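J.: First the structure, then my questions, so here it is.
The values are calculated or read from the model by the stated rules, or taken from the named source; none is laboratory data. Please read all numbers here as calculations on a predicted model, not as lab measurements. In this analysis, Cβ positions are derived from the backbone assuming ideal geometry, glycine residues included, and neighbour counts consider all displayed protein chains. We work out accessible area using only protein heavy atoms, side chains counted, and drop any ligands, DNA or RNA first. Shrake-Rupley method; radii C 1.70, N 1.55, O 1.52, S 1.80 Å.
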Amino acid sequence: MGLKELKIGDLTAKIPIVQGAMGIGVSLSGLAAAVADEGGIGTISGVQIGFREPDFAANTVEANLRAIGKEIKKAREKTKGIIAMNLMVAMSNYELYVKKAVEEKIDLIVSGAGLPLALPRLVE
């Protein structure tokens, strides 16, 4: 028995697997691209994603925004597959991070840890 493709809007994952987002430093572009290359949906975790930026402690929001862009770009360089970003609603600056991911043309946004009531407006 084979697994059926997963269709989300106009995207099709050949293998119906969505890699779960694992926080700070685990689910970044490398893992997400590897999963996407195999036909699943690779997920980049947005939780304190800027932790490697030199000014993270002093400018956390700016560091996180830069890192969102960098990780999405790096994933795109490594794969043509589907890349998602996990952004928890309970995070501070959730809306800023969603807007940045959309600006960087992320394929999907996964939101938990609260009701993503603003998400439809943010991704129009």
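J.: Quick check on this structure: which one of 63, 67 is farther than 14 Å from residue 29 by Cα, part of a helix (DSSP H, G or I), open to solvent by less than 40 Å² (accessible area, probe 1.4 Å) and among the small types (Gly, Ala, Ser)? Please lay out each step first, then the result.
T.: Numbers: 67 fails: farther than 14 Å from residue 29 by Cα.
Only one candidate passes the filter, namely 63.
J.: Taking residue 58 as the residue in question, decide whether it is open to solvent by less than 20 Å² (accessible area, probe 1.4 Å) and closer than 24 Å to residue 100 by Cα. Walk me through how you get there before you give the answer.
T.: Numbers: open to solvent by less than 20 Å² (accessible area, probe 1.4 Å): no; closer than 24 Å to residue 100 by Cα: yes.
In short, no.
J.: I'm trying to understand the selection: among the residues of segment 90-124, which are more than 24 Å from residue 17 (Cβ to Cβ), open to solvent by less than 50 Å² (accessible area, probe 1.4 Å) and not in a helix (DSSP H, G or I)?
T.: Hits for segment 90-124 are 91, 114, 118.
J.: In this structure, is residue 74 charged (D, E, K, R), touching a Gly at 6+ places or on another chain (Cβ under 9 Å), in a helix (DSSP H, G or I) and more than 21 Å from residue 123 (Cβ to Cβ)?
T.: Details: charged (D, E, K, R): yes; touching a Gly at 6+ places or on another chain (Cβ under 9 Å): yes; in a helix (DSSP H, G or I): yes; more than 21 Å from residue 123 (Cβ to Cβ): yes.
In short, yes.
J.: Another question about this same structure. If we keep just the residues of segment 77-89 that are part of a loop (DSSP other than H, G, I, E, B) and open to solvent by 30 Å² or more (accessible area, probe 1.4 Å), which is farthest from residue 6 (Cα to Cα)? Write out each step before concluding.
T.: Taking segment 77-89 first, the residues part of a loop (DSSP other than H, G, I, E, B) are 79-81, 87-89.
Then keep just the ones that are open to solvent by 30 Å² or more (accessible area, probe 1.4 Å); that gives 80, 88-89.
Working: 80: 16, 88: 23, 89: 25 Å.
So, considering only residues that are part of a loop (DSSP other than H, G, I, E, B) and open to solvent by 30 Å² or more (accessible area, probe 1.4 Å), the one farthest from residue 6 (Cα to Cα) is 89.
J.: Additional query: Which number in (1) at pLDDT 90 or above; (2) closer than 19 Å to residue 111 by Cβ; (3) out of contact with any Gly (no Cβ under 6 Å at 6 or more places or on another chain); (4) assigned to a helix (DSSP H, G or I) marks the one condition that residue 31 misses?
T.: That leaves (2) as the condition not met.
J.: Given the condition at pLDDT 95 or above, part of a helix (DSSP H, G or I) and open to solvent by less than 80 Å² (accessible area, probe 1.4 Å), answer yes or no: does some residue in segment 35-49 qualify?
T.: yes
J.: Here are some conditions: (1) in a loop (DSSP other than H, G, I, E, B); (2) open to solvent by 60 Å² or more (accessible area, probe 1.4 Å); (3) of a type outside the set (A, V, I, L, M, F, W, C). Residue 23 meets all but one. Which one does it not meet?
T.: Tallying (1) in a loop (DSSP other than H, G, I, E, B); (2) open to solvent by 60 Å² or more (accessible area, probe 1.4 Å); (3) of a type outside the set (A, V, I, L, M, F, W, C), residue 23 fails exactly one: (2).
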